[in-house]
Amino acid sequence: MKRTPRWIIWISNPEEDKLLERPSTVETIRPNEYDEWEHEMFICDPASESYKEIVNDEYWGNGSDEKLELMITKSTREWRDREDEFFVDMEEFHQWRENNKESISKQEVVKEVERTVIELDRLENASSEEIFKLKLDMFEKPEIQNADKETKSKIRRSDKVTEIISMYHSVMASSIA
């Protein structure tokens with residue numbers, strides 16, 4: 001399977017490298033078989049296998065050093081534009097979050113309060129399905145499973161949530177003591 005890089009990015013400046021008499025380095029970025037980004041860095045040495053692979057890749061060099069340079073320039077610009085766009089998006093997000101901190105925290109508090117409120121009327125008028133579900137949940141607790149037969153029988157027969165909770169509380173309190 002041929003693995004063409006998605007982007008090629010110059011790490012060093014070719015003109016500066018020539019003045020300093022050093023080889024340029026390149027970074028390639030491509031997805032692997034798990035769709036994760038892999039980075040590979042190599043020296044632009046015509047004898048290097050990595051460099052030959054890129055020069056001969058039909059998408060990048062197609063056998064031509066000049067075409068490869070043009071494609072790398074284009075790819076570098078595209079990569080930098082994507083990076084710039086990401087940083088702008090992140091900055092906008094940070095500003096939005098900073099400007100909306102108070103309303104976000106108020107929403108979280110309201111949601112927390114909504115989750116913790118238990119209405120007495122709802123408990124007293126629970127449906128038979130809700131009562132059945134409550135009993136099932138209780139009988140999954142080891143303390144209820146280990147309770148005496150009479151207590152388990154009372155819980156099974158009861159049709160009032162307050163009674164069931166009272167018996168549950170008794171069992172749990174006696175198991176702690």
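What the table below lists for this structure:
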item	result
Exposed GluC sites (Glu not before Pro) absent - longest run of the chain, DSSP non-H/G/I/E/B, at most 12 other C-beta within 10 Å	59-118
Within the chain: Cβ-based charge dipole about Cα centre, in debye rounded to nearest 20 (Lys, Arg +1; Asp, Glu -1)	1340
In the range 13-84, chymotrypsin sites (Phe, Trp or Tyr not before Pro) in a DSSP loop with at most 14 other beta-carbon atoms within 10 Å	34, 59
The chain, relative contact order in percent, only Cα pairs under 8 angstrom and at least six apart counted	12
Long-range Cα-Cα pairs in the chain (distance over 24 Å), rounded percent	66
Positive-pole candidate from 42, 172, 94, dipole of the chain, charges at beta carbon	172
Descending semi-axes in Å of the range 7-83, equivalent ellipsoid built from Cα gyration tensor	20, 15, 13
Cα-based equivalent ellipsoid, the range 131-177: semi-axes from gyration tensor eigenvalues, Å	16, 11, 10
Under 16 Å from the Cα of residue 149 - aspartates and glutamates, other chains or at least 8 residues apart	140
Value at 222 nm in deg cm²/dmol, rounded to 500, when DSSP H runs of n ≥ 4 in the chain each add -39,500 (n - 2.57)	-19500 deg cm²/dmol
For the chain, the longest site-free run once trypsin sites (Lys or Arg not before Pro) in DSSP loop states with at most 16 other Cβ atoms within 10 Å are removed	7-159
Most fluctuating residue given options 71, 167, 41, as computed from a GNM of the chain linking Cα atoms under 10 Å	167
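Since every read-out is calculated from the coordinates, none of them should be taken as a lab result. Just so it is clear, the model here is predicted, and its values are computed rather than measured. We place every Cβ from the backbone using ideal geometry, glycine too, and count neighbours over all the protein chains shown.
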